[in-house]
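Please treat every number below as a calculation from the coordinates, not as lab data. Everything quoted here is computed from the prediction, not taken from an experiment. Because the Cβ atoms are built from the backbone with ideal geometry, glycine has one as well, and the counts that use them run over all protein chains shown.
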């Protein structure tokens with residue numbers, strides 16, 4: 001009887017500890033978000049640090065974004081063509097691919113690539129600074145580490161990602177055109193006329209808004225896990241891993257909710 | 001009676017049920033070198049964090065340079081911390097910045113000096129800590145442990161602080177560099193500063209402490225069990241301190 005009682009107590013203790021840990025995590029993430037928001041509007045504005053980060057996130061991600069987008073555009077065109085040919089509507093391949101890429105693939109893929117490349121780098125860099133007391137050194141000098149390290153990274157990711165999203169969209173469409181027109185033999189005139197009929201500039205907005213929100217979240221998660229690092233090299237590894245894993249999970253979950261909201265706002269209410 | 005730079009009155013710090021500092025009182029004199037000695041886990045680092053306003057006491061009063069530190073808000077604390085310099089255990093240099101940029105960092109942040117003036121000040125500070133211009137554009141990874149400590153000290157002195165804190169300044173250094181750092185603590189701070197510089201050292205290096213300190217405090221389990229001028233401290237009869245002195249001097 002005592003043994004059963006002990007097992008029950010341990011079980012509830014475990015559940016309680018898990019709940020408390022998660023609540024603590026949510027609390028500290030909310031505090032991090034509020035700190036970043038607060039320090040965003042406090043002087044001095046760190047323009048140079050922002051530009052350095054913008055260059056690192058934007059320019060240094062261009063090649064990998066271009067490479068992945070061209071092949072994504074090509075493979076989606078191939079698969080869509082096979083499906084549409086059965087129904088005899090293969091001339092619609094162009095607009096279907098453009099809409100898919102503009103609304104979903106470009107923002108989500110760009111965000112995932114930036115999470116892996118830059119979210120991880122943010123967590124590792126800030127985490128290393130934390131374990132080597134460089135963050136304490138900043139604080140002791142009277143400089144907010146959140147303002148100096150966090151704010152430029154979060155805003156740079158938020159503004160760089162929509163631009164990378166546009167690059168993804170443009171290059172993926174070149175890949176799509178190449179496979180559709182040059183490889184699969186869709187008549188070029190039909191390909192363009194269907195594009196004109198179904199695709200408008202407003203399609204871009206959905207992807208751009210999503211990319212900006214994803215960018216902000218990636219910056220926030222990357223810096224949060226950097227500041228949270230404890231211990232030595234092992235802690236930095238764990239922080240980097242958490243930044244990438246949580247970044248990707250949150251992007252995919254958020255994508256659904258953002259889509260539901262944007263569909264309502266942009267199409268149903270005609271904003 | 002010497003004027004106090006740091007005054008702790010009945011400070012208690014608790015983390016949950018765990019008491020780190022117990023009713024601790026100490027008056028650290030202005031313009032002197034005071035070392036806080038103690039075994040690992042005695043509460044030395046927590047006490048240092050209180051001085052910097054990084055931690056607030058659960059109970060008690062803490063006055064530094066006339067400021068009631070626990071009552072300062074975040075903005076006031078940031079301004080207040082500019083009156084401090086700190087040499088970290090492993091120097092804590094920004095590893096993406098050169099020696100020049102590390103030392104110039106606080107100067108660029110908090111003064112309106114021109115580039116030429118900043119360079120002149122950095123060179124002055126480098127010379128004060130015994131380094132030449134050769135190391136000016138080297139990254140911390142290209143410097144030895146001793147050189148990094150000296151650059152860290154130069155950075156700590158950059159804004160002419162009123163209080164200089166040292167966290168284990170000689171840990172991990174060879175005997176020659178240790179002597180050099182100790183000499184710097186006793187000389188550089190004083191020559192660099194126009195006002196009287198108060199130095200507070202956290203250490204368990206008893207040999208160095210006896211040589212360079214004007215006052216020594218001994219912290220045990222969150223309590224100051226002895227605080228006296230170095231001469232008196234050497235002759236203390238307190239059994240714990242005698243044991244510490246005997247173990248570390250033989």
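Ranked by the mean number of other Cβ atoms within 10 Å per residue, highest first, peptides B:58-64, B:172-178 order as B:58-64, B:172-178. Among the residues of A:138-147, the average count of other protein chain beta-carbon atoms within 10 Å of the residue beta-carbon is 6. Give the shape of the protein assembly as shown as rounded, prolate or oblate, defined through the alpha-carbon gyration tensor: a ≥ b ≥ c are the square roots of its eigenvalues, a/c under 1.5 means rounded, and otherwise the shape is prolate if a/b is larger than b/c and oblate if not. Cα axes put the protein assembly as shown in the prolate bin. Cα centroids of the stretch B:67-108 and the stretch A:86-110: 53 Å apart.
When only Cα pairs below 8 angstrom with a gap of at least 6 residues are kept, chain B shows a relative contact order of 26 percent. Overall shape of the stretch B:109-188 was characterised from the C-alpha gyration tensor. The equivalent ellipsoid obtained from it has semi-axes of 22, 15, 11 Å, in decreasing order. Size descriptors for the stretch A:45-268 (Cα atoms only): Rg and Dmax, in that order, 20.2, 70 Å.
The label-point distance for residue B:136 and residue B:225, in a model that sets each label 7 Å from Cα toward Cβ, rounds to 5.1 nm.
Measure out, as a whole number of angstrom, how far apart the alpha-carbon centroids of the stretch A:120-194 and the stretch B:10-42 sit. Result: 48 Å between the Cα centres.
Its Kirkwood hydrodynamic radius, worked out from the mean inverse distance over all distinct Cα pairs, puts the stretch B:47-97 at 12.3 Å.
Take each residue of peptide B:107-120, count the partner chain Cβ atoms within 10 Å of its Cβ, and average: the result is 1. Note: chain B, Cα convex hull, 135 Å³ per residue.
Quick note on the stretch A:227-271: its Rg to Rh ratio, both from C-alpha atoms and Rh being the Kirkwood radius, is 1.36. Helix A:120-131 axis versus longest C-alpha principal axis of chain A: approximately 10°, rounded to the nearest ten. Taking 0.36 nm per residue of separation and subtracting the current Cα-Cα distance, fully stretching the chain between residue A:41 and residue A:234 would add 66.0 nm. Take each residue of peptide B:45-53, count the partner chain Cβ atoms within 10 Å of its Cβ, and average: the result is 1.
Rounded to 0.05, the FRET efficiency of the residue B:207 and residue B:120 pair, given R0 = 30 Å and the Cβ-Cβ distance, is 0.20. Mean separation of Cα pairs under 8 Å and 6 or more residues apart, divided by the residue count, gives the stretch A:45-268 a relative contact order of 36 percent.
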